[in-house]
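For reference, the structure discussed in these notes is given below.
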Amino acid sequence: MTNRSDRRAALPDAAALEPALTEWLSSPLGSALLEAERRSLSPVLSRVFGYHVLQLSCAPDVDMLGDCLVAHKIKFAPVWRPERRHAVASIEALPLETDSIDAVLVHHALDYTQDSHRLLREATRVLRPGGRLLIVGFNPLSLWGLARLIRWRPTTPWNARFLSRRRLADWLSLLDFHIDSVSYGGFLPPLKHPRLLARAHDIERWLDRLGNPTGAFYLVVASKQRTPLIPVTPRWRKLRRPTLGVSLVDTARVQPVRESRVLPFRPRTEPGENNSK
């Protein structure tokens, strides 16, 4: 017999999770959460520049990059369907080159992935040095985290892991990331009351001014600090200049000729000849 913690640790399969999560995000409560997340992402995405931006999500049909100015936006789907518009690939093994993406948005993917460390390593690998990593995740220290704990048989989205921000910060520091900012949002209680959902925007604005850290989600913005390795070239000893076309004096191989002393000429005298006059 499995205990309660084991059932919570088990995550649904990616193929089964995608339609369930997409359906919940289109519900009134899920739509209110998405609207709060888009408001938090908007000022950050508007400052992202480059050529390629990647969204890692378990519900790729939900677009979170609408406010991003980068033209090429990449998303991967977990399974293929006839109406599918995205490429099919695992978000834990990305078919992308290393250091090729300018910004990566992880939208609740860490809450549902089977291997959070592997997903973060893949996001780090494809992100270029100096690129931005944006992580949106469920906050366990919130009313939503409390609602997850009191449910005996959690369904989507309550079957997520709800990773803490502190644990995520430790993982990012090990991957040589610098955390630029952390913000919270989604202060609406996880209730389906129509009047409460109608005032969701006002509640969000009031509690956001107070800097309340008990929002339903957190947004972590980090920068990749690791720089690519530069090969160190050996310092070769400077060679002498070639002697071809260079004077012998410049090559320093021939010593200069010493100045010789010229003696005066004296005629040769025959034997017996008197030299005196």
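The values are calculated or read from the model by the stated rules, or taken from the named source; none is laboratory data. Here the structure is a predicted model, which is why all the values come from computation and not from measurement. Cβ coordinates were reconstructed from backbone atoms using ideal geometry, including for glycine residues, and neighbour counts include every protein chain displayed. For accessibility, only protein heavy atoms count, side chains too; no ligands or nucleic acids. Shrake-Rupley method; radii C 1.70, N 1.55, O 1.52, S 1.80 Å.
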Residue 19: more than 23 Å from residue 185 (Cβ to Cβ), out of contact with any strand residue (DSSP E or B) (no Cβ under 6 Å at 6 or more places or on another chain) and in a loop (DSSP other than H, G, I, E, B), yes or no?
no
Enumeration of residues in region 46-64 that are surrounded by fewer than 21 Cβ atoms within 10 Å (Cβ to Cβ) and in contact (Cβ under 8 Å) with a residue 24 or more places away in the chain:
48, 49, 50, 51, 52, 61, 62
Could you go through region 99-116 and let me know if any residue there is in contact with a helix residue (DSSP H, G or I) (Cβ under 6 Å, 6 or more places away or on another chain), farther than 16 Å from residue 45 by Cβ and open to solvent by 40 Å² or more (accessible area, probe 1.4 Å).
no
Of the numbered conditions (1) assigned to a loop (DSSP other than H, G, I, E, B); (2) within 22 Å of residue 139 (Cβ to Cβ), residue 48 satisfies every one except a single condition; which is it?
(2)
Filter region 21-45 for residues that are over 14 Å from residue 136 (Cα atoms) and of a type in the set (Ser, Thr, Tyr); which is most open to solvent (accessible area, probe 1.4 Å)?
26
Condition first: assigned to a loop (DSSP other than H, G, I, E, B) and not aliphatic (A, V, I, L, M). Can you find one or more residues in region 31-43 that meet it?
no
Residue 82 vs. criteria without any contact (Cβ under 8 Å) to a residue 60 or more places away in the chain, open to solvent by 40 Å² or more (accessible area, probe 1.4 Å) and farther than 18 Å from residue 47 by Cα
yes
Has region 122-142 got at least one residue that is surrounded by 13 or more Cβ atoms within 10 Å (Cβ to Cβ), more than 23 Å from residue 39 (Cβ to Cβ) and of a type in the set (Asp, Glu)?
yes
